[in-house]
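Reviewing the structure listed below.
The values are calculated or read from the model by the stated rules, or taken from the named source; none is laboratory data. Being a predicted model, the structure only gives us computed values, none of them experimental. In this analysis, Cβ positions are derived from the backbone assuming ideal geometry, glycine residues included, and neighbour counts consider all displayed protein chains. Side chains are part of the model used for accessible areas, which takes the heavy atoms of the whole protein and leaves out ligands, DNA and RNA. Shrake-Rupley method; radii C 1.70, N 1.55, O 1.52, S 1.80 Å.
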Amino acid sequence: MGEIIYAVLQFAGILAFAISGALVGVRHNLDLLGVIVVGASTGIGGGILRDILLGINPPTSLVYWPNAAVAVAGSLVVFFFHPKITRLRHFEVVFDAFGLGLFSANGAAWAISISEPLLTAVFVGTITAIGGGVVRDVLVNTVPGVLTRELYAVSAFAGAITAALLMKFTADIVLASAVGGALAIVLRLVSYSRGWQLPVPRPAEASGVSS
Amino acid sequence: MGEIIYAVLQFAGILAFAISGALVGVRHNLDLLGVIVVGASTGIGGGILRDILLGINPPTSLVYWPNAAVAVAGSLVVFFFHPKITRLRHFEVVFDAFGLGLFSANGAAWAISISEPLLTAVFVGTITAIGGGVVRDVLVNTVPGVLTRELYAVSAFAGAITAALLMKFTADIVLASAVGGALAIVLRLVSYSRGWQLPVPRPAEASGVSS
Amino acid sequence: MGEIIYAVLQFAGILAFAISGALVGVRHNLDLLGVIVVGASTGIGGGILRDILLGINPPTSLVYWPNAAVAVAGSLVVFFFHPKITRLRHFEVVFDAFGLGLFSANGAAWAISISEPLLTAVFVGTITAIGGGVVRDVLVNTVPGVLTRELYAVSAFAGAITAALLMKFTADIVLASAVGGALAIVLRLVSYSRGWQLPVPRPAEASGVSS
């Protein structure tokens, strides 16, 4: 039972990120394969990066076909039905938030489950969550949103550290992934809808005496 | 004999990609070392990515000097003789197509030869072929052409799957690399010259009732 | 004693690169976490790339917390005190040059110390030095400076080859790192202040007969 829930959480993360990536591809007017490449890269890119960092070769998503199949299926749905999807505003942000939360918590919990130390688990969870989106943004040549969006990396970090700590104390990977993921998703969506921002640097001029 | 042909095919792929990368560097007016860096990164970048994914450390091209030597030599030729090369129009596309075809087929055939499953081989071949060009385009800060050019990724994918299947049935890495590579090169060049494109998404406005 | 000096050289490289990355983040008006992400990625990114290439999983900086702590501390100092830092002109270039020199020499010397061949050591040192800056520039979506700045990659290459050769002959990692690093820093700063450039390609028009 736990295994099934865990697999569902993983596929949900891949699907959510693939949809967000394919929506970006559609907005950039890419062709069918371009949309699939961006969607699939966003969906499985973070996990591939995680496996490279942890020395799992070849990365799971290049061996285990359901991961890629889910990512491609999500991209195809967007390609053919995107007018219905984009009509619902903010959907891109919502799917991205689900991918972010599920990946950060899952990645961190999984790293603890293979006996990596806490610091490594938090790093790996955060990188897994952010990696797919960075690949997506670099592919379409925009500034990676992770650096500018409302509490984006903070949400991933909070989800990863929560999941890693829960794993340390309960060793329950489903519980850790679900709670850490939910926290990250809520934090990201609330900060998006409220427009919460971290402080920006004081402008350099402010240190001058007068204008 | 087979080994020699295989090595020649590999060097041809590295050389073709290095030339295409160096031509891009020259067009962006980079200096001598910039042209060498972009050329060499394009020539050996895809193979390094392949080795990272398959867990071959350090990557072959960082240990076996002829790979880098061929890539640097190709870049130097372009730097000093590029007016003659660029005079021949479309040469950049032609060299890039040869690199694409040779790398996709070679990468896939090689992955099968070390007992990776079919899916992994096709992924690895495609990533090897596309990787060098993505590195090149990211270095000069343009949208990676893989997402927008005529049947670019399709050609790499077709070459990789053909080579992987031939390897499965014949176990002849030279045959698989040559046939898969030739298919990808022809497909890419024909689609380039004919302007073949995959379908693009329906515009979102098309779903509205009227303007 | 040697070990302490070596550790200090490593931390100095991470700190120098983190400061240069955070300064770029401040100039792009990123928020607190954005500045930390760019600063830390620049500080530890090159080393992570080095560890991936050499098959050290997980990369040292994701396991050994002082590396990340130094990078985050440097980024925080820049975030809160940057008006004082940016007032001193050219500081970004100076910190970047120290990171470049220390990383290229350190990376090459360390690769020799674990019995990698000379070619691999020079490649790894150069990639370690350049990698952090490339990550920084890609994150903020600018053309990586490595391709356009005065003798940038040349300096890294010179530091790496000097350190690798010294290691081969003396097996003294502190001496090799210090001498190679100093050479790269001096070469980079002198070429910056004098505006030294490598030759650029002849314009294609120059090969024509007349205007």
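Do we find that residue A:121 is facing chain C (nearest Cβ under 10 Å) and of a type in the set (Gly, Ala, Ser) in this structure? When the stated conditions are applied, residue A:121 passes them.
Residue C:147 fulfils the conditions (1) over 26 Å from residue C:59 (Cβ atoms); (2) at pLDDT below 70; (3) surrounded by 17 or more Cβ atoms within 10 Å (Cβ to Cβ) except for a single criterion, (1). Considering only the stretch C:29-54, state which residues are facing chain A (nearest Cβ under 8 Å), open to solvent by 20 Å² or more (accessible area, probe 1.4 Å) and either closer than 18 Å to residue A:50 by Cβ or in contact (Cβ under 8 Å) with a residue 40 or more places away in the chain (or both). C:32, C:37, C:48, C:52, listed by residue number. For the stretch B:116-142, the candidate set comprises residues that are outside any helix (DSSP H, G or I) and either within 28 Å of residue B:167 (Cα to Cα) or among the charged types (D, E, K, R) (or both); within that set, the residue that is least open to solvent (accessible area, probe 1.4 Å) is B:116. Would you confirm whether any residue within the stretch B:2-11 is open to solvent by 30 Å² or more (accessible area, probe 1.4 Å), on the phi > 0 side of the Ramachandran plot and not β-branched (Val, Ile, Thr)? No, that holds for no residue.
Entry remark, the stretch A:13-69: residues being in a loop (DSSP other than H, G, I, E, B) and of a type in the set (A, V, I, L, M) number 3 in total.
Being away from chain B (no Cβ under 14 Å) and either at pLDDT 90 or above or not in a helix (DSSP H, G or I) (or both) is a property that residue C:163 has.
Considering the stretch B:95-115 alone, what residues qualify as being open to solvent by 30 Å² or more (accessible area, probe 1.4 Å) and closer than 20 Å to residue B:40 by Cβ?
B:95, B:98 - these are the residues of the stretch B:95-115 that are open to solvent by 30 Å² or more (accessible area, probe 1.4 Å) and closer than 20 Å to residue B:40 by Cβ.
Name the pairs: first residue in the stretch A:81-102 and at pLDDT 75 or above, second residue outside any helix (DSSP H, G or I), Cβ to Cβ under 7 Å, at least 6 apart or on different chains? Short answer, once both residue conditions are applied: A:82/B:201. Being at pLDDT below 90, open to solvent by 70 Å² or more (accessible area, probe 1.4 Å) and more than 23 Å from residue A:40 (Cα to Cα) is a condition met by at least one residue of the stretch B:170-183. Report yes if residue A:18 is farther than 20 Å from residue B:49 by Cα and hydrophobic (A, V, I, L, M, F, W, C), otherwise no. When the stated conditions are applied, residue A:18 passes them.
Tell me which residues, restricted to the stretch B:124-145, are among the charged types (D, E, K, R) and either without any contact (Cβ under 8 Å) to a residue 24 or more places away in the chain or at the interface with another protein chain (Cβ under 9 Å from one of its Cβ atoms) (or both). Even if it seems obvious, please write down each step before you answer.
So in the stretch B:124-145, the residues among the charged types (D, E, K, R) come out as B:136-137.
Within the stretch B:124-145, B:137 is the sole residue that qualifies.
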